[in-house]
Amino acid sequence: MTAVSVVDRRVGAAGQAVRDVAPLALPIAPFAMAVGAATAAADISLVAGWLGAAILLAGSAQLVLTETLVSGGGLFAAAGAAILVNARFAMYSAGFAHWFAEVPRWKRLLLAIPLVDQQFLLLQRTFTADHDVSWRVRYYVTASAVLVGAYLSFFPVGYLVGNILPSGVGLEMAGPLAFAGMLGSAVRRRADAVAAIGGAIVVVLASPVLAGLALPVAAVVGVAVGARLIGEEG
Amino acid sequence: MSALLVFALAAGGTYLIRISMVVSGVGERLDSTWTARLSLIAPTMLSAIVASSLFLDRTDLILPAAADVVAVIAAALAVRRSGSLAVAFVVGFPVYWSLGLVL
């Protein structure tokens, strides 16, 4: 392989990542603003909220964390609730470890930091056996930079102006709309639809009993139900 | 200070979850059956998140507003049809706003 082709391949990974992640990064703006507004409403300082957003990198978990604090839950209850919401990342971690198996372990431990829903969806859609590991790393790092950059840029905007916007704007709908859009894109086969319906039913029915654990349980049940269909369809 | 401590605890726990399959080595040993199942995680998780945002107030079951449900369905269908995720907001928010005025 010549030096030129190596450079081209690297630019290609970064360029494709930017192109692919842009439609995912756009919906992050109102979502990050909604998280920022919720953080402001919880009387958490901008600096603490922003730093928290930067180290947690999980908007829905941050929403749950702030809601728990506002409703009088203690320090450990709030952190525990956020961790439970993020339990689904264990499944993303399996995919991540599989795609980056050839990367040195210390590097994988760093790369895993920005692993979120959007990243998982993107990698699942993009990575094939044709992509070598350096291409994958470059793609992943670029996509992460765009997603994290968008999230952390719009968080303070929401913090500062979110609560003075008219309530009819519906900033709180940003999250559901963004995830619904990703869902529309993720359902391609009958097995996907069955898994999605299964996950939705289980989370709604199980939440009153299992609270934060309902989400990972729904994930396991939904995947199991969908997997049966994959098995039947061969 | 206490808020930062909560974030740090949550971030630490979340990071351990993110690296769980790297550290355990499970993710590297996945065979084709398991990798096929991985493809089901995204639709399952996304629908579960959307369903919780519509039908749950924390852990209590609620009846969602019609505008919320219709906007979410419209966003999902629009993205499915167009292939562009940005369309979720272009379609979803106007549907939500208009139904909010009417209903």
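The values are calculated or read from the model by the stated rules, or taken from the named source; none is laboratory data. In this text, all values refer to a predicted model and were calculated from it rather than measured experimentally. In this analysis, Cβ positions are derived from the backbone assuming ideal geometry, glycine residues included, and neighbour counts consider all displayed protein chains. Just so you know, the surface numbers come from the protein's heavy atoms only, side chains and all, with ligands and any DNA or RNA stripped out. Shrake-Rupley method; radii C 1.70, N 1.55, O 1.52, S 1.80 Å.
In the set A:Ala211, A:Ala206, which member is hydrophobic (A, V, I, L, M, F, W, C), on the phi > 0 side of the Ramachandran plot and not assigned by TED's automatic domain parsing to the domain that holds A:Gly59?
Exactly one residue qualifies, and that residue is A:Ala211.
May I ask you to verify whether A:Ser144 is part of a helix (DSSP H, G or I), open to solvent by less than 30 Å² (accessible area, probe 1.4 Å), of a type in the set (S, T, N, Q) and in contact with a helix residue (DSSP H, G or I) (Cβ under 9 Å, 6 or more places away or on another chain)? Don't jump to the end; show me each part of the working.
Values: part of a helix (DSSP H, G or I): yes; open to solvent by less than 30 Å² (accessible area, probe 1.4 Å): yes; of a type in the set (S, T, N, Q): yes; in contact with a helix residue (DSSP H, G or I) (Cβ under 9 Å, 6 or more places away or on another chain): yes.
Judged against the criteria, A:Ser144 is a match.
So that you can scan it fast, the table gives a plain yes or no per residue for (1) in contact (Cβ under 8 Å) with a residue 24 or more places away in the chain; (2) touching a helix residue (DSSP H, G or I) at 6+ places or on another chain (Cβ under 8 Å); (3) open to solvent by 20 Å² or more (accessible area, probe 1.4 Å); (4) within 30 Å of B:Val69 (Cα to Cα):
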{"position": "A:Asp132", "(1), (2), (3), (4)": "no, no, yes, no"}
{"position": "A:Trp135", "(1), (2), (3), (4)": "yes, yes, yes, no"}
{"position": "A:Leu160", "(1), (2), (3), (4)": "yes, yes, yes, yes"}
{"position": "A:Glu172", "(1), (2), (3), (4)": "yes, yes, yes, yes"}
{"position": "A:Phe179", "(1), (2), (3), (4)": "yes, yes, no, yes"}
{"position": "A:Asp192", "(1), (2), (3), (4)": "yes, yes, no, yes"}
{"position": "A:Pro208", "(1), (2), (3), (4)": "no, no, yes, yes"}
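Of all residues being touching a residue at least 12 places away in the same chain (Cβ under 8 Å) and more than 16 Å from the chain's Cα centre (by Cα) in segment B:22-73, which is surrounded by the most Cβ atoms within 10 Å (Cβ to Cβ)? Just the residue, please.
Top of the filtered list is B:Ala67.
Can you name every residue in segment A:49-75 that is in a helix (DSSP H, G or I) and over 23 Å from A:Ala112 (Cα atoms)?
Of the residues in segment A:49-75, the ones in a helix (DSSP H, G or I) are A:49-56, A:59-70, A:75.
The answer is A:Thr66, A:Glu67, A:Thr68, A:Leu69, A:Val70, A:Leu75.
Give me the residue from segment B:16-57 that is more than 7 Å from chain A (Cβ to nearest Cβ) and hydroxyl-bearing (Ser, Thr, Tyr) and, out of that set, nearest to A:Leu46 (Cα to Cα).
Within segment B:16-57, the match that is nearest to A:Leu46 (Cα to Cα) is B:Ser24.
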